[in-house]
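*Asks:* Could you have a look at this structure, given as structure tokens, before my questions?
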Amino acid sequence: MSLIKNLKLLRGGLLSPRRARKTAEVSAALEFLEKNRAIAALIFIATVAAIVFISSVGVGTADLPVLPNQLAAVRIVASTPFSYESNVKTEQAREQFRNQVPPVYKLDFSPLQQFEKNLRELTAQLEKIAHDYPNPVQRDARQKALEKIVDDFNAGGLYRTSVDDVAGLLSIGDTKARFSIIENGLATLHEIYNEGVHNSSLASAQPDAITVFQVIKGNGEIAQRPVQSLDEALTFLRINLAAEGISRETTLALFRIFENGVTPNLVYDPIATGQLQDTALKALKKVIVSVVRGQTIIEPGITVTPEQYEMLVAQRRFLLASGNVELNEDLQLFGRVLLVLAMVWASVIYIRIEDRETLQSNGRLALLALVVIINLALVRLTYSLSSLPYFIEHDTTASILPYTVPTAFAPIIVAILIDAGSGIFMALLVSIFASVIYGNRLDLLVLTFLASMVAIFSCRGLRKRSRVVRAAGLGGLVVALFVLLIGMVNHPSPWWSIVPAQMAAGLGTGLFTGVAIVGLLPVLEGLFKRTTDITLLELSDFNHPLLRLLQMEAPGTYHHSLIVAQLAENAANAIDANPLLARVCAQFHDVGKIGKPEYFSENQRNGFNPHETNNPSLSALIIKSHVKDGVDLALKHKLPKPVIDVIQQHHGTTLLRYFFERAKHETRAPFGSVTPFSSQEKAHAPRRGDTIYPISSKVSEVTYRYDGPKPLFKESAVIMLADGVEAASRSLRKVTPQHLAELIEQIFRERIADGQLDEAPLTFEEMTKIKSSFNFTMLNMLHSRVAYPPGEGKPEPRSQTS
């Protein structure tokens, strides 16, 4: 029976033609690209050259987005002579010329017409009183009647006529005499109104000067003529009311009555004035401004005037039309190279201090260089839009461009794929070059760096892709809020005319940046072999096809992997490693057992062990093959590199001691031929109690050791130790804190003595924390339950705790 099984195994396993197994071994070419320092130097040079090209070539102060009434950040001078028609200066000249054109007035006769109507009604009422009350005895009734008609007269035109004045008019002769005097007074008022009466506020500043106005005549013609003042009109009225045969008192009474009819009747006519100004302005030519080469257009630190802004726009149009590319007047190439070298070298120093692993990996350096170059290229793209004709014509729209710069693009990607510290430094680098490209704008540097910092802070502990969009959106919100504050302070014109659009641009750019990063992350992860917590969280889903297959084909191994995952996660958390990485890697570390689950003790049922009929070397080969089979399955299912590394490293180069001892026992020499041990042989000889058995030279230890490599990072080492502790804990007959602590200590000592942790970056302090974590977790997992006494009904628990 055993022979048949062995033949089947050889035919279906070792001796049958098998497909080529996928391996995770890195080719020599990839290893060269990853580790060679010459490649790192090329990355450095290429990064410097790309940044210099992006931030220098074709960049000039003439294209900087500048708005009127804002403080200029850089001096802009004319790079070539040009001329242009200045609308601003032309409008100023038109305004000056318009002010020199005298206003046009028209004569208003409506007050005279109203007064004449009311006066004739008053005269008619007086004649009626004279007729109704001829007897002097009726003085009181006559007085009341006079008071009534005087009140009615005053109310009709807001006049100030007294009863005594009207009584004086009534005392003049007969009706014919009164009619003659009234008509004479009205004729005088008509003459005054035809001449025109102006208000004192329109008079000349010199008291003796003759005031001349442009007045519209009755035929519609405009003529300049002198106009009398109100005082002059009243004097003329007084002279014309004085007649022979009338007493002085009566003359004054008549003057006080007719005085109510004299008001300024010179009214400003805006339509006629505008028509006259337009006629005069037609002869005014546009102002031509000539600019010489080297002439300063805008001074730094000074508010940009409309004239300066118009000159800047005129230069842009001229350069665009003429194709003149001489735009680097102040941005010297040598100075820009020095700046780029300084910033990139500072980045290298920072990485060397804080993250030497990145400095030693050309892949990580290439990732940093690529995202920074892409980010600066996007900055340059938005800057280049300002030279398009549309943005030259629409300065308000052009002012939005600096806030559409996605400066948080590279910092967020670096923070997610590498670490937050590198992301912060990338944020500073991108913000500095963005401000330099936009004309050394300090406000843009501070604003974009703050927004990137908020986005990086929001990416901490990232577990969902939606949080990337939220983090970038928060950065955009910071931009919007600070644009609002800066706009309310710095914009002298109504800030709501432009600031809302800038706020919307900042917020929209943040959201768009988050969406773009979510789409690019999987590509960058695969291209540069990086694994984010988002991907790890997706892999931790128990419905992953490989985990489902492990659960169905090897349920014992699946349960073992879950326990190891719990142990590794808690221990990794205790030493500040990545607990999510440890858990996910532990879940997949034994997937290679899916192919031959019955050869592993946790999956054996009914007491049948196929190793009992196999020779030790074949059994060891089958057991060791689960590592290569696991790598093969991991590559087929496109698991990330850290998971594949753990599958390779979780056994290191440990010895399959059980099969090794079996092999030695089967090949042990007869007792009589035992030769004395040398000191070295005695040190490596297996022991059973106090008996030392010799090792036959026919048994090679290499055959019974895993192929490795040994654990190279903390999470891998933790999983190796957790795997050994969980497996050994199955042999404990009684679980007590003391027994469990001794078992954990034994596992740790064996791994250290065997050199399995020599390449893992673990300290003694971290080893102690891992032991404590394992002890705590295993005690809670392997706790016992209370024993219930036999009997019917619901048992009562005993006093001991479970």
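*Asks:* At 1.4 Å probe size, with the rest of the protein present, what percent of the exposed accessible area of segment 112-203 is carbon and sulfur atoms?
*Replies:* Numbers: 2700 of 5310 Å².
On segment 112-203, the fraction of accessible area on carbon and sulfur atoms equals 51 percent.
*Asks:* Calculate one ³J(HN,Hα) per residue across segment 347-357 by plugging θ = phi - 60° into the Karplus curve 6.51 cos²θ - 1.76 cosθ + 1.60, and present them in order as whole Hz with x for glycine and proline.
*Replies:* 5, 4, 5, 4, 5, 5, 6, 9, 8, 5, 4
*Asks:* Same structure again: If I stretch the segment between Asp140 and Asn609 completely, what's the gain in nm (0.36 nm per residue apart, minus their alpha carbon distance), one decimal? The partial results should precede the final answer.
*Replies:* On the way: separation 469, 0.36 × 469 = 168.84 nm, distance 14.66 nm.
Gain on extension, Asp140 to Asn609, equals 154.2 nm.
*Asks:* Grab the Cα-Cα distance for Glu701 and Tyr658, subtract it from 0.36 nm times how many residues apart they are, and report the gain in nm with one decimal.
*Replies:* Working: separation 43, 0.36 × 43 = 15.48 nm, distance 1.20 nm.
Extending this stretch completely gives an extra 14.3 nm.
*Asks:* How many percent of the accessible area of segment 304-449 is carbon or sulfur, using a 1.4 Å probe? Working shown, then result.
*Replies:* Numbers: 4030 of 5900 Å².
Reported share for carbon and sulfur atoms: 68 percent.
*Asks:* To make sure I understand the rule: partners must be lysines, Cα under 29 Å from the Cα of Lys769, and not fewer than 8 residues away in the same chain. Which ones qualify?
*Replies:* Answer for Lys769, where 29 Å is the Cα cut-off: Lys641, Lys710, Lys714, Lys734, listed by chain and number.
*Asks:* If you take the beta carbon distance between Gln113 and Thr397 as r and set R0 to 51 Å, what does 1/(1 + (r/R0)^6) give as a FRET efficiency, to the nearest 0.05? Walk me through the numbers before you get to the answer.
*Replies:* Values: r = 57 Å, r/R0 = 1.13.
It comes to 0.35.
*Asks:* When a/c is below 1.5 the answer is rounded, else prolate if a/b is larger than b/c, else oblate, so apply that to segment 103-194 with a ≥ b ≥ c taken from the square roots of the Cα gyration tensor eigenvalues. If you can, show how the numbers build up before the last one.
*Replies:* On the way: a/c = 3.31, a/b = 1.96, b/c = 1.69.
Prolate shape, in that a/c is at least 1.5 and a/b is the bigger ratio.
*Asks:* For Lys771, which aspartates and glutamates qualify as cross-link partners when the Cα separation must be under 12 Å and same-chain residues fewer than eight apart are set aside?
*Replies:* The qualifying aspartates and glutamates are Glu742, Glu745.
*Asks:* Also, I was wondering about something else. Report the residues of segment 78-100 in range of a label on Thr305: point 7 Å along Cα→C-beta, backbone N strictly under 16 Å from it.
*Replies:* Within reach of a label on Thr305: 86-96.
*Asks:* Between Ala124 and Arg160, take the C-beta separation as r, use R0 = 22 Å, and let me know the FRET efficiency to the nearest 0.05. If you can, show how the numbers build up before the last one.
*Replies:* Working: r = 21 Å, r/R0 = 0.96.
Efficiency, from the Cβ-Cβ distance: 0.55.
*Asks:* With unit charges on the beta carbons (Lys and Arg positive, Asp and Glu negative) and the dipole taken about the Cα centre of segment 116-195, which residue among Ala177, Leu158, Asn135 sits farthest to the positive side?
*Replies:* It is Asn135.
*Asks:* Please report, as a whole percent, how much of the solvent-accessible surface of segment 546-611 comes from carbon and sulfur atoms (probe radius 1.4 Å).
*Replies:* Values: 1130 of 2510 Å².
Carbon and sulfur: 45 percent of the exposed surface of segment 546-611.
*Asks:* I want to check the label-to-label distance for Ser83 and Ile271. Put each point 7 Å from Cα in the C-beta direction and report it in nm to one decimal.
*Replies:* Modelled inter-label distance: 4.2 nm.
*Asks:* Just to confirm, what accessible area per residue do you get for segment 405-512 at 1.4 Å probe, in whole Å²?
*Replies:* Numbers: 4270 Å² over 108 residues.
Counting only protein heavy atoms, the per-residue value for segment 405-512 is 40 Å².
*Asks:* So how far apart, in nm, are the two label points at Glu354 and His559 if each is 7 Å from Cα heading toward Cβ?
*Replies:* Result for the modelled spin labels: 4.7 nm.
*Asks:* Take peptides 95-101, 372-378 and line them up by average Cβ neighbours within 10 Å, highest first, as a rough protection proxy.
*Replies:* Numbers: 95-101: 12.1, 372-378: 21.0.
In descending order of packing, they fall as 372-378, 95-101.
*Asks:* Below 19 Å, Cα to Cα, which aspartates and glutamates can Lys628 reach? Residues fewer than 8 away in the same chain don't count.
*Replies:* Result set, ordered by chain and number: Glu25, Glu553, Asp590, Glu598, Asp645, Asp707, Asp723.
*Asks:* Given a Förster radius of 45 Å and the C-beta distance between Ser497 and Ser229 as r, what FRET efficiency does 1/(1 + (r/R0)^6) yield to the nearest 0.05? It would help to have the intermediate numbers written out before the result.
*Replies:* Values: r = 46 Å, r/R0 = 1.03.
The value I calculate is 0.45.
*Asks:* Which order do His190, His651 take when ranked by solvent-accessible area (1.4 Å probe, heavy atoms of all protein chains), largest first? List each step's numbers first, then the result.
*Replies:* Numbers: His190 75, His651 35 Å².
If we order His190, His651 from most to least accessible, we get His190, His651.
*Asks:* Compute the length gained on full extension between Gln96 and Leu320: take 0.36 nm times their separation in residues and subtract their Cα-Cα distance, giving the result in nm to one decimal. If you can, show how the numbers build up before the last one.
*Replies:* Numbers: separation 224, 0.36 × 224 = 80.64 nm, distance 3.33 nm.
Residue separation times 0.36 nm, minus the Cα-Cα distance, leaves 77.3 nm.
The values are calculated or read from the model by the stated rules, or taken from the named source; none is laboratory data. Everything quoted here is computed from the prediction, not taken from an experiment. Cβ atoms come from the backbone with ideal geometry, glycine included; neighbour counts cover every protein chain shown. SASA here: full protein model, heavy atoms, side chains in, ligands and nucleic acids out. Shrake-Rupley method; radii C 1.70, N 1.55, O 1.52, S 1.80 Å.
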